[in-house]
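I have placed the structure first, in the form of structure tokens, so that the comments after it can refer back to it.
The values are calculated or read from the model by the stated rules, or taken from the named source; none is laboratory data. Since this is a predicted model, take the numbers as computed values, not measurements. We place every Cβ from the backbone using ideal geometry, glycine too, and count neighbours over all the protein chains shown.
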Amino acid sequence: MKNKILTYARFVNLEAAIWILGLIFLLIVPLEMGSHLSICPIKNLGFSFCPGCGLGSSIHYLLNFEFKSSVASHPLGIFALFIIICRIFTIVKKNYKTIRIIHNI
């Protein structure tokens, strides 16, 4: 049993794990209203508008079924979440096929 678990653990894709953990983080962590430390290079350069800022908030609101707040935060949040979920499914599907080929399941 331990060998089987270790065998399958080798095929876990790090990218898929990071995307899934990121979505779980956005679902669980509450948004703080007010200023916070930003890693956005455009905001840190002093510009007031950044086309990417608000995507995380938008996805957070989507995962919590607050659709109006999501669109108000960033109109492309729905599209971004769709792309992330599609990417996760693509990676998992590819890994599943690889495991099936190797183990002749």
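Please verify whether LYS68 is among the charged types (D, E, K, R), farther than 13 Å from GLY22 by Cα and at pLDDT below 90, treating the condition exactly as stated. Even if it seems obvious, please write down each step before you answer.
Working: among the charged types (D, E, K, R): yes; farther than 13 Å from GLY22 by Cα: yes; at pLDDT below 90: no.
Spelling it out, it is not the case that LYS68 is among the charged types (D, E, K, R), farther than 13 Å from GLY22 by Cα and at pLDDT below 90.
Restricting to region 53-66, and then to whatever is part of a loop (DSSP other than H, G, I, E, B) and either hydroxyl-bearing (Ser, Thr, Tyr) or touching a helix residue (DSSP H, G or I) at 6+ places or on another chain (Cβ under 8 Å) (or both), can you tell me which residue is nearest to LEU26 (Cα to Cα)?
To start, the set of residues in region 53-66 that are part of a loop (DSSP other than H, G, I, E, B) comprises 53-54, 64-66.
Of the ones still in play, those that are also either hydroxyl-bearing (Ser, Thr, Tyr) or touching a helix residue (DSSP H, G or I) at 6+ places or on another chain (Cβ under 8 Å) (or both) are 53-54, 64.
Values: CYS53: 14, GLY54: 12, ASN64: 9 Å.
Of everything passing the filter in region 53-66, ASN64 is nearest to LEU26 (Cα to Cα).
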For region 33-46, state whether one or more residues are over 21 Å from the mean Cα position of the chain (by Cα), at pLDDT 80 or above and either loosely packed, with under 12 Cβ neighbours inside 10 Å or basic (Lys, Arg) (or both).
yes
